[in-house]
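A quick write-up on the structure given underneath.
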Amino acid sequence: MSDRTEFGRLLATHFSVTGKVSEPQVDLLWQHYELLVRWNRVVNLTGISRLEEALMRHYCESLFVALHLPAEPVSVLDVGSGAGFPGVPMAIYRPDCLVTLTESHQRKAAFLREATRSLPNVRVVAKRAESITETFDWVVSRAVPWEQLRRRAAWLGRTVGLLLSLSDAQRVRVSEEWRWQAPVPVPWSRTGVLLLGSLRFT
């Protein structure tokens, strides 16, 4: 069995708990993973690169966020995208949505540009989110602590989606400027949750 076949099999097995990915989407996700493994030898993109663990921790969790996007097309900002999570799988799963990846680390941003050449709905911005003056429908992150993100989140977007631990989610929910939903357990994680919040307009 080839690695691509195993990737597709594992993705179908694990992600079928919550959703379904088409074969062309699996191909795009696999291309991203192949490039990630190659670049990871010289650029520290992730400490998790073994196929099954990477698929569950990186790809399935990112696709899980995409499942919670509204049915209509939206603009999404991925803050501190790093190796492209959750933004790249989200863009592959929802090609109708425009996804902006921000990454201030220049070599990681170079990887993101190379990894998204075939994704017309993705843009890479090689600077910190604090420098962005645009607004988006959604802001997502799995790498940036809320204490750093909250200073700009209300300006950047109307809805926030955070992948974090349950204990961190409980601390984030005290942010009074946001209306937080109950944390949604991530099926492939013992402690990880997706926390969604909407801006309280005054």
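Since every read-out is calculated from the coordinates, none of them should be taken as a lab result. No experiment lies behind these values; they were computed from the predicted model shown. Cβ atoms come from the backbone with ideal geometry, glycine included; neighbour counts cover every protein chain shown.
Here are the numbers:
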read-out: Kirkwood-type radius of the chain, with distances r between different C-alpha atoms, in Å; value: 17.0
read-out: For V125, net neighbour charge (Lys/Arg +1, Asp/Glu -1) across residues whose Cβ lies under 13 Å away; value: +1
read-out: Cβ-based charge dipole, the range 106-202, positive-most Cα from A115, V184, A169; value: A115
read-out: Unit charges on C-beta of K, R, D, E only; dipole of the chain, Debye; value: 420
read-out: q = 0.19, 0.28, 0.29 Å⁻¹: log10 I(q)/I(0) that the Debye formula gives for the range 5-54, counting C-alpha atoms only; value: -0.65, -1.09, -1.13
read-out: Radius of gyration, Dmax [the range 28-85; alpha carbons; angstrom]; value: 12.6, 39
read-out: Alpha-carbon Debye profile of the range 123-202, log10 I(q)/I(0) at 0.14, 0.25 Å⁻¹; value: -0.45, -1.26
read-out: For the range 3-199: relative contact order, % (alpha-carbon pairs under 8 angstrom, 6 or more apart); value: 17
read-out: Per-residue Cβ neighbour rank within 10 angstrom, fewest leading, I48, I92; value: I48, I92
read-out: Backbone HN-Hα couplings from phi across the range 92-104 [Karplus 6.51/-1.76/1.60, Hz, Gly and Pro as x]; value: 5, 6, 10, x, 7, 9, 8, 10, 10, 9, 9, 7, 7
read-out: Label-point separation in nm, L166 to E6, each point 7 Å along Cα→Cβ; value: 3.2
read-out: Cβ-defined net charge surrounding E103, 11 Å radius [Lys, Arg +1; Asp, Glu -1]; value: +4
read-out: Expected 222 nm ellipticity per residue - DSSP helices of 4 or more, -39500 (n - 2.57), all of the chain, to 500; value: -11000 deg cm²/dmol
read-out: Overall dimensions of the range 112-157 by Cα: Rg and Dmax, Å; value: 12.0, 34
